Amino acid sequence: MSVVADPHLVMALHRAIAHYRDLEPRSIPVDHPHVPELAMPDRLAYAVGWVLAAAIVGSRYRTSAIDVLPVYHPEHGWDRFLVTRRVTCRLYATEPADSLGTIWLGEEDAPVFTVGQSVRLSLGKLCQEDPAEAIRRLLFAVPSPRLRHGEHAQCAHQRAERYPTLYRVTAELIADYPGLIVARELFVDDQPIDGAYHPLYTASGARLTGWTYDYIQYLAGERILFLGIDGRLATFEIEPGIWRTEEAPSQDETALRHYLEERLELGEPGRPIIELASLQSEESRNTPDNQESGK
């Protein structure tokens, strides 16, 4: 079987390695409980993992309904991706979430792709030495099962035709902007928290509640944006407590990237995003009391 590596993703791997190779692991910010947790055991593996995940989605989403979901562990942070059909196709809603594989980010020579006990593929060094070969080996190892016959009209893999493109643009942004965090598993509460409803609850007219996989959430410092997996609508905060929903330019990859860069205020590629927790720590160190006491 001939497997071709997307040249855009090959270049994204080169950029991810250049931007992340010297970054230290990030621990869970226990001193800032109100700040979204940004921890990850291996920041380079996180960025590289997103690019590899984009290769899988680009190759398997339309044909096999396979998505790749980043997972946050309460003790380790962002430490794996699940290769799954459970959230994309109604016919596989009860399938184990990791039945088609896992990309581990906290192991030696990460990312490491596994399928149960039968497949184990370490890709960390290979991504640095030969990114195209790393993508080819991964795609060769990822299962590509045929879909069952049945009604798929309401399945995400049919409704969200643009999703593989959105995923690739997202992976390239992560490669270019250290500190950008993206989630695919979101919980929308139907009750107000700190006096405000979840922006997706409000944007959907109270129709969206509970766990949802219909959005991509981007977090850049204090800036948050939600983009539907069909690429149509984006919801973002224009000022504290005030949210706007508008059409996103998802038909054009370049326009979508520029749109996300602007809305998230990402700045110059390669420069780490300053997170709120870092700013709070810096402000605390610079207070007059701390300066006088030598803290």
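Values in this text are rule-based calculations from the coordinates and carry no lab data. Owing to the predicted nature of the structure, the values given are computational and were not obtained by experimental measurement.
Over the range 175-232, the fraction of Cα-Cα pairs per 10 Å bin, rounded to whole percents and listed from the shortest bin up, is 21, 52, 23, 4.
Across all directions, the shadow cast by the convex hull of the chain built on its C-alpha atoms averages 17.3 square nanometres.
Mean sequence separation of contacting Cα pairs (under 8 Å, at least six apart), scaled by the length of the range 7-293, corresponds to a relative contact order of 15 percent. Rounded to the nearest angstrom and listed largest first, the equivalent-ellipsoid semi-axes of the range 1-126 from its Cα gyration tensor are 24, 20, 13. Stick to Cα atoms and the Kirkwood definition of Rh, then tell me Rg/Rh for the range 54-137. That ratio is 0.98, to two decimals.
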